[in-house]
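S.K.: After the structure tokens below, expect a handful of questions from me.
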Amino acid sequence: MSGQSLLVIAFTAFFIQNVLLTQFLGVCSFIGVGKKRSSSLGMGLAVLVVIVLASVVTFAIYNYVMYPLHLEFMRTIVFILVIASLVQMIETIIKKFSPALYKALGIYLPLITTNCAVLGVALTNINEGFTFGEMLVYSTATALGYLFVMYIYAIIRERVSLSPVPKAFRDIPIAMIIAAILAMIFSRFGGLI
């Protein structure tokens, strides 16, 4: 595992195969929370923590328990249980230490449990046969890419909300147009590697 291969994994996960813009995982929270910078930053950080922790825990469970015992067929249900437990823990911590963020995230915080981006990253780590280091780089870069896109998206949506948008394009239609433009921009990074 060379530094160059880790850099390629990180760049690809962050830009080229961005979990939101090319894999379309986690779009519910993306559209729902991406209206304000503060809530999108909070959601992005929560997803970052959950993705990295869930990836480490699921990687260890899969490689040191499930695979040796030939229980690979149970990985999806086990991964979902791990993710749900981690989200409950993080939700409790946010509620205790940042009630304002907890209120701003609202229903979207428990929805991280069903955020397919978290499960998708955990499954990709196993399907790609990543080593621990590669898994950690991929998971962190994917989560940072999610956070970055969420934040950029929120900045644009805040600016657009101050603009005179035709009635037919307000709210969800303009949000989808912004997402499509971001996806087109990110798709151009594919030619760099």
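S.K.: In nm, to one decimal, how far is the modelled label at residue 85 from the one at residue 24, with both set 7 Å along Cα→Cβ?
M.R.: Each label point is offset 7 Å from its Cα along the Cβ direction, giving 3.3 nm.
S.K.: Could I ask something else about it? Using Stokes-Einstein with the Kirkwood hydrodynamic radius over Cα pairs, what translational diffusion coefficient do you get for the chain at 10 °C and a viscosity of 1.306 mPa s, in µm²/s rounded to a whole number? Walk me through the numbers before you get to the answer.
M.R.: Details: Rh = 17.4 Å.
D, rounded to a whole number, is 91 µm²/s.
S.K.: Can you give the local net charge around residue 162? Use residues other than it whose beta-carbon is closer than 15 angstrom to its beta-carbon, Lys and Arg +1, Asp and Glu -1. Kindly include the intermediate steps, with their values, before the conclusion.
M.R.: Numbers: positive: 35, 36, 37, 157, 159, 170; negative: 158, 171.
Net charge in that neighbourhood comes out at +4.
S.K.: Only counting other Cβ atoms within 10 Å, I'd like 136, 105 sorted with the fewest neighbours first.
M.R.: On the way: 136 18, 105 25.
Ascending number of Cβ neighbours within 10 Å: 136, 105.
S.K.: In whole Hz and in residue order, list the ³J(HN,Hα) couplings for segment 66-82 that follow from phi through the Karplus curve 6.51 cos²θ - 1.76 cosθ + 1.60, θ = phi - 60°; x for Gly and Pro.
M.R.: 5, 5, x, 8, 6, 10, 4, 5, 9, 4, 4, 5, 5, 4, 4, 5, 5
S.K.: In which sequence would 163, 98 go, from the one with the fewest C-beta neighbours within 10 Å to the one with the most? Numbers along the way, then the final one.
M.R.: Numbers: 163 7, 98 13.
With the fewest neighbours first, 163, 98 line up as 163, 98.
S.K.: Oh, and also: Taking one equal scatterer on every alpha-carbon of segment 133-174, how large is log10 of I(q)/I(0) by Debye at q = 0.19, 0.23, 0.25 1/Å?
M.R.: Result of the Debye calculation: -0.63, -0.75, -0.81.
S.K.: In what sequence do 37, 159 fall when counting other Cβ within 10 Å, fewest first? Before the final figure, lay out the partial values.
M.R.: Working: 37 16, 159 10.
The order, fewest Cβ neighbours first, is 159, 37.
S.K.: Please list, by residue number, every one of the GluC sites (Glu not before Pro) in segment 58-149 that is coil in DSSP and has at most 13 other beta-carbon atoms within 10 Å.
M.R.: Details: sites: 72, 91, 128, 134; in loops: 128.
Sparse-neighbourhood loop GluC sites (Glu not before Pro): 128.
S.K.: Give me the angle, in degrees from 0 to 90, between the Cα long axis of helix 132-161 and the longest principal axis of the Cα atoms of the chain, rounded to the nearest 10.
M.R.: 10
S.K.: Can you tell me the relative contact order of segment 3-192? Whole percent, Cα pairs under 8 Å, sequence separation 6 or more. Present the calculation step by step, with values, prior to reporting the outcome.
M.R.: Numbers: 212 pairs, mean separation 80.4, N = 190.
Worked out over segment 3-192, it gives 42 percent.
S.K.: So if R0 is 45 Å, what FRET efficiency would residue 8 and residue 168 give, r being the distance between their Cβ atoms, rounded to the nearest 0.05? Walk me through the intermediate numbers first.
M.R.: Details: r = 43 Å, r/R0 = 0.95.
Calculated transfer efficiency: 0.60.
S.K.: Could you give the distance between the Cα centres of segment 143-157 and segment 18-96, to the whole Å?
M.R.: Cα centres, segment 143-157 to segment 18-96: 17 Å.
S.K.: Return one number: the angle in degrees, 0 to 90 and rounded to the nearest 10, between the long axis of the Cα atoms of helix 172-187 and the longest principal axis of the Cα atoms of the chain.
M.R.: So the helix axis and the longest Cα principal axis differ by about 50 degrees.
S.K.: What ³J(HN,Hα) values, in whole Hz, does the Karplus curve 6.51 cos²θ - 1.76 cosθ + 1.60 give for segment 52-64 when θ = phi - 60°, with x put for Gly and Pro?
M.R.: 5, 5, 5, 5, 5, 5, 5, 4, 5, 4, 5, 6, 10
S.K.: Take the chain, connect every pair of alpha-carbon atoms lying under 10 Å apart with a spring to form a Gaussian network, then pick out the residue of 71, 119, 86 with the largest mean-square fluctuation.
M.R.: 71
S.K.: Moving on. Alpha carbons only, please: Rg and Dmax for segment 83-141, in angstrom.
M.R.: Radius of gyration, then largest Cα-Cα span, for segment 83-141: 13.9, 40 Å.
S.K.: If I stretch the segment between residue 123 and residue 92 completely, what's the gain in nm (0.36 nm per residue apart, minus their alpha carbon distance), one decimal?
M.R.: On the way: separation 31, 0.36 × 31 = 11.16 nm, distance 2.57 nm.
Fully extending the segment from residue 123 to residue 92 adds 8.6 nm.
S.K.: Which percent of Cα pairs goes in each bin when the distances of segment 46-159 are cut into 10 angstrom slices starting at zero?
M.R.: Result, from short to long distances: 14, 42, 31, 11, 2, 0 percent.
S.K.: Rounded to the nearest 20 Debye, what is the dipole magnitude of segment 58-172 about its Cα centre when Lys and Arg each give +1 and Asp and Glu each give -1 at the C-beta? Let's see the in-between values first.
M.R.: On the way: 8 positive and 6 negative charges, 118 e Å.
Here the size comes out at about 560 debye.
S.K.: Expressed as a whole percent, how much of the Cα-Cα distance distribution for segment 64-105 exceeds 13 Å?
M.R.: Working: 540 of 861 pairs.
I get 63 percent for the Cα pairs in segment 64-105 exceeding 13 Å.
S.K.: Follow-up question, since we're still on this one. Starting at the first residue of segment 115-120, write each ³J(HN,Hα) from the Karplus equation 6.51 cos²θ - 1.76 cosθ + 1.60 with θ = phi - 60°, in whole Hz, x for Gly and Pro.
M.R.: 5, 5, 5, 5, 5, x
Readers should treat all values here as calculations from the given coordinates under stated rules, not as data from a laboratory. Computed from a prediction, not measured in an experiment: that's the story for all the values here. Positions of Cβ are generated from backbone atoms using ideal geometry, with glycine treated the same way; all protein chains shown enter the neighbour counts.
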